[in-house]
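This report refers to the structure that appears directly beneath it.
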Amino acid sequence: AQSVTQLDSHVSVSEGTPVLLRCNYSSSYSPSLFWYVQHPNKGLQLLLKYTSAATLVKGINGFEAEFKKSETSFHLTKPSAHMSDAAEYFCVVSDQEGSTLGRLYFGRGTQLTVWP
Amino acid sequence: DSGVTQTPKHLITATGQRVTLRCSPRSGDLSVYWYQQSLDQGLQFLIQYYNGEERAKGNILERFSAQQFPDLHSELNLSSLELGDSALYFCASSVGPDSYEQYFGPGTRLTVT
């Protein structure tokens, strides 16, 4: 079964400090993994994706994530937080094969607050 | 801007009523997906259409139905509305039938009073 666990429902950081949003997944097949961001009253925007190429994935706005198969993790990081990063972040898993190919399974989200 | 449009942005209606949400996919995309985002359940997949045919079903209630028209736009019909149906409804689109690379619209916020 496919599932995603975002380990923190809220993360608060000061502007200019590193960001770490944690995600663990389970998947019956080789997974594709994504991070989406949702700003208040906006739709979901794809930040980055892993689809079995390089395990360190770079996304937009300075974010990156590392796929660690042995730990079934896909944590999102950014070296230096900006005020505009304040939003809700979703970790998402999808199967690359099987009957649920292409289905997206969302974590419950992590609300990132950035303090000035 | 993802290229996916949804109307209306907001909808307020009473319990027992029926509403229709509309989605236009990105140009060239043949698949449309519907998702519900609520405080209780988080973001859940409801249903997918590909080129006019139902492709996959998720946690969609029997009171809800959808369809995709020849011009590829899609409508999600919600009937006998309950307070618990209040949520943000997202539409997403992709090129193929089994694509994880989906582009999301801005959503329709439904409030049932």
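Key figures for this structure:
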read-out	value
The listed residue being closer than 16 Å to residue B:92 by Cα and facing chain A (nearest Cβ under 10 Å), out of B:48, B:36	B:48
Pair list, Cβ under 9 Å, 6 or more apart: the stretch B:85-113 residue free of Cβ contacts under 8 Å to residues at least 60 places away in the same chain and within 11 Å of chain A (Cβ to nearest Cβ), other residue in a loop (DSSP other than H, G, I, E, B) and among the aliphatic types (A, V, I, L, M)	B:101/B:95
Of residues in the stretch A:1-10 being touching a Phe, Trp or Tyr at 6+ places or on another chain (Cβ under 8 Å) and either assigned to a strand (DSSP E or B) or open to solvent by 70 Å² or more (accessible area, probe 1.4 Å) (or both), the one farthest from residue A:111 (Cα to Cα)	A:3
Of all residues in the stretch A:76-100 being at pLDDT below 95 and in a loop (DSSP other than H, G, I, E, B), the one that is nearest to the chain's Cα centre (by Cα)	A:96
Filter result for residue B:12 (modelled with pLDDT of 95 or more and either β-branched (Val, Ile, Thr) or in a loop (DSSP other than H, G, I, E, B) (or both))	yes
Any pair with Cβ under 6 angstrom, 6 or more apart, that starts in the stretch A:31-60 at a residue that is farther than 14 Å from residue A:74 by Cβ and ends at one that is open to solvent by 70 Å² or more (accessible area, probe 1.4 Å)	A:37/A:45
Residue in the stretch B:24-31 that is within 11 Å of another protein chain (Cβ to nearest Cβ) and crowded, with 21+ Cβ neighbours inside 10 Å present	yes
Residue in the stretch B:7-15 that is more than 10 Å from every other protein chain (Cβ to nearest Cβ), out of contact with any Asp or Glu (no Cβ under 7 Å at 6 or more places or on another chain) and charged (D, E, K, R) present	no
Tabulated pairs, the stretch B:1-29, first at positive phi, second among the β-branched types (Val, Ile, Thr), C-beta under 7 angstrom, 6+ apart or interchain	B:28/B:95
Residue match in the stretch B:35-55 (condition: at negative phi, under 10 Å from the mean Cα position of the chain (by Cα) and open to solvent by 30 Å² or more (accessible area, probe 1.4 Å))	no
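Table: residues versus (1) within 12 Å of chain B (Cβ to nearest Cβ); (2) not in a strand (DSSP E or B); (3) not charged (D, E, K, R).
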position	(1), (2), (3)
A:12	no, no, yes
A:24	no, no, yes
A:32	yes, no, yes
A:35	no, no, yes
A:41	yes, yes, yes
A:46	yes, no, yes
A:53	no, yes, yes
A:57	no, no, yes
A:61	no, yes, yes
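Yes/no per residue for (1) within 21 Å of residue A:108 (Cα to Cα); (2) open to solvent by 40 Å² or more (accessible area, probe 1.4 Å):
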| position | (1), (2) |
| --- | --- |
| A:48 | yes, no |
| A:56 | no, yes |
| A:60 | no, yes |
| A:63 | yes, no |
| A:66 | yes, yes |
| A:79 | no, yes |
| A:83 | no, yes |
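The values are calculated or read from the model by the stated rules, or taken from the named source; none is laboratory data. These numbers were taken from a predicted model, which means no experiment stands behind them. Using ideal geometry, Cβ is built from the backbone for each residue, glycine included, and neighbour counts are taken over all protein chains shown. What goes into the accessible areas is simple: the full protein's heavy atoms, side chains included, and nothing from ligands, DNA or RNA. Shrake-Rupley method; radii C 1.70, N 1.55, O 1.52, S 1.80 Å.
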